[in-house]
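Below is one structure, written out as structure tokens; the observations come after it.
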Amino acid sequence: MVTPITGCWIDGTFGAGGYSRALLQNGACQVIAIDKDPTTKVFLHSIQNEYGDMIKFYNQSYADMEKNDDIAGRDDICGVVLDLGVSSMHLDNPLRGFSFRESGPLDMRMGDQPGPTAFEIINLCSETTLADLIFFYGQERKARKIANRIVKERKKRKINTTLELAEIVRAIVSKNSNKDPATRTFQAIRIAVNNELRDLSKALIFAERIVKKGGIIAIVTFHSLEDKMVKDFGKLMSGNASTTNRYSPPSSKTYPSLIPVNKKPVVAAIDEIDRNKRARSAKLRVFTKVSNGPSRVLEKIEFPEVDLGI
């Protein structure tokens, strides 16, 4: 059973401030809010007007929490919340380059980090690299055909916009009633641009270490790659991991430090999906810290990282 919200929490994906506000409304005495997108800071002011210095904001990636002097070394962190993936603010602004429904530049950077942008990946990566990206990060079965078509088209002219890329993919992938044919390819390129899986692995390891005994780690994922990483991490830290294989994190077993609150992830109810279509793929996994000693000594969490070669 999840304990009541108290103490200091980390909101690692501040966005429009919904989680931070909810944490403060429900008992948190302080929230350390983080977001790599500097434009999200505009949503901070209304919360500060109500809660003052009970909320602090840092413009950084949640992967770099351990570099934050206001977080590292603390022993009073009661919880960490991560709401992963692309936000509505990203999707609703064509100029950010995330949407395949409106024309915009091929950017896809969640923050103001230097490249590569989606434009550079699409126009500079080799056909083999593009195919690997789309297959591993997008789980798209027609990845090689899509990569081949992209390379053929960019020989004629540079691929500059999201709609140009989307139309290339739609010419290869059949339409699904629930999902645009370009969805998986756009997911793959976005993950590569923002190093999302690497960042998640770093955040999971640090969150397990920084949260105090009795604290909570809550993570919302939106695609199966993220969810599998979170699920496998939870199994590993609870001592329930299956026999290791070459993709398993190097570790040494001691005793559990996390236990799952629910056996299965929490998903959106039908009425919530009716209000917010983007919630249909969301999965919430919650873990409780049961020991201050790690169940495994982790070096890293491995995932199929693709070298862009640019």
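When you look at Tyr19, is it part of a helix (DSSP H, G or I), over 20 Å from Ala207 (Cβ atoms) and of a type in the set (Phe, Trp, Tyr), yes or no? Against the criterion (part of a helix (DSSP H, G or I), over 20 Å from Ala207 (Cβ atoms) and of a type in the set (Phe, Trp, Tyr)), Tyr19 does not qualify. Taken as a whole, the condition of being over 30 Å from Gly18 (Cβ atoms) and not assigned by TED's automatic domain parsing to the domain that holds Ile205 applies to Thr161. Of all the listed residues (Lys289, Lys264, Lys277), the sole one being surrounded by fewer than 18 Cβ atoms within 10 Å (Cβ to Cβ) and modelled with pLDDT of 85 or more is Lys264.
Mind counting the residues in the stretch 22-60 that are within 22 Å of the chain's Cα centre (by Cα) and either of a type outside the set (A, V, I, L, M) or more than 21 Å from Leu200 (Cα to Cα) (or both)?
Within the stretch 22-60, the subset within 22 Å of the chain's Cα centre (by Cα) is 22-23, 31-44, 56-60.
Next cut, either of a type outside the set (A, V, I, L, M) or more than 21 Å from Leu200 (Cα to Cα) (or both) only: 22-23, 35-44, 56-60.
Counting residues in the stretch 22-60 that are within 22 Å of the chain's Cα centre (by Cα) and either of a type outside the set (A, V, I, L, M) or more than 21 Å from Leu200 (Cα to Cα) (or both) gives 17.
State yes or no: is Asp75 in the same structural domain as Leu284 (by TED's automatic domain parsing) and either touching a residue at least 60 places away in the same chain (Cβ under 8 Å) or under 30 Å from Thr161 (Cβ atoms) (or both)? Answer is yes for this residue. Entry remark, the stretch 166-186: residues being assigned to a helix (DSSP H, G or I) and touching a helix residue (DSSP H, G or I) at 6+ places or on another chain (Cβ under 6 Å) number 4 in total.
Determine, yes or no, whether Glu120 is outside any loop (DSSP other than H, G, I, E, B), more than 29 Å from Phe206 (Cα to Cα), not assigned by TED's automatic domain parsing to the domain that holds Gln25 and not aliphatic (A, V, I, L, M).
Numbers: outside any loop (DSSP other than H, G, I, E, B): yes; more than 29 Å from Phe206 (Cα to Cα): yes; not assigned by TED's automatic domain parsing to the domain that holds Gln25: yes; not aliphatic (A, V, I, L, M): yes.
Taking the combined requirement at face value, the residue satisfies it.
Applying the selection to the stretch 24-39, what residues are in contact (Cβ under 8 Å) with a residue 12 or more places away in the chain and over 21 Å from Ala63 (Cβ atoms)? Outline the logic, then answer.
Keep residues of the stretch 24-39 that are in contact (Cβ under 8 Å) with a residue 12 or more places away in the chain, which gives 24, 26-39.
If the condition is that a residue be in contact (Cβ under 8 Å) with a residue 12 or more places away in the chain and over 21 Å from Ala63 (Cβ atoms), then Leu24, Asn26, Gly27, Ala28, Cys29, Gln30 are the ones that fit.
Checked against (1) out of contact with any Leu (no Cβ under 6 Å at 6 or more places or on another chain); (2) in contact (Cβ under 8 Å) with a residue 60 or more places away in the chain, Thr13 passes all but condition (1).
Scanning the stretch 49-68 for residues that are surrounded by 14 or more Cβ atoms within 10 Å (Cβ to Cβ) and polar (S, T, N, Q), we see that the one that is farthest from Asp92 (Cα to Cα) is Asn68.
Does Ile189 qualify as being in contact with a helix residue (DSSP H, G or I) (Cβ under 9 Å, 6 or more places away or on another chain), among the aliphatic types (A, V, I, L, M) and either outside any strand (DSSP E or B) or surrounded by fewer than 21 Cβ atoms within 10 Å (Cβ to Cβ) (or both)? Break it down stepwise before answering.
Numbers: in contact with a helix residue (DSSP H, G or I) (Cβ under 9 Å, 6 or more places away or on another chain): yes; among the aliphatic types (A, V, I, L, M): yes; either outside any strand (DSSP E or B) or surrounded by fewer than 21 Cβ atoms within 10 Å (Cβ to Cβ) (or both): yes.
Criteria met by Ile189.
Given the structure, is Thr129 in the same structural domain as Pro116 (by TED's automatic domain parsing), closer than 16 Å to Leu308 by Cβ, surrounded by fewer than 23 Cβ atoms within 10 Å (Cβ to Cβ) and among the β-branched types (Val, Ile, Thr)? For Thr129, the condition - in the same structural domain as Pro116 (by TED's automatic domain parsing), closer than 16 Å to Leu308 by Cβ, surrounded by fewer than 23 Cβ atoms within 10 Å (Cβ to Cβ) and among the β-branched types (Val, Ile, Thr) - is met. Take the conditions surrounded by 15 or more Cβ atoms within 10 Å (Cβ to Cβ), at pLDDT 95 or above, under 20 Å from Ala279 (Cβ atoms) and small (Gly, Ala, Ser) and apply them to Ser20. Does it pass? Considered against the rule, which asks whether it is surrounded by 15 or more Cβ atoms within 10 Å (Cβ to Cβ), at pLDDT 95 or above, under 20 Å from Ala279 (Cβ atoms) and small (Gly, Ala, Ser), Ser20 comes out as yes.
The values are calculated or read from the model by the stated rules, or taken from the named source; none is laboratory data. This structure is a prediction, so every number in the text was calculated from the model and none was measured. Cβ atoms come from the backbone with ideal geometry, glycine included; neighbour counts cover every protein chain shown.
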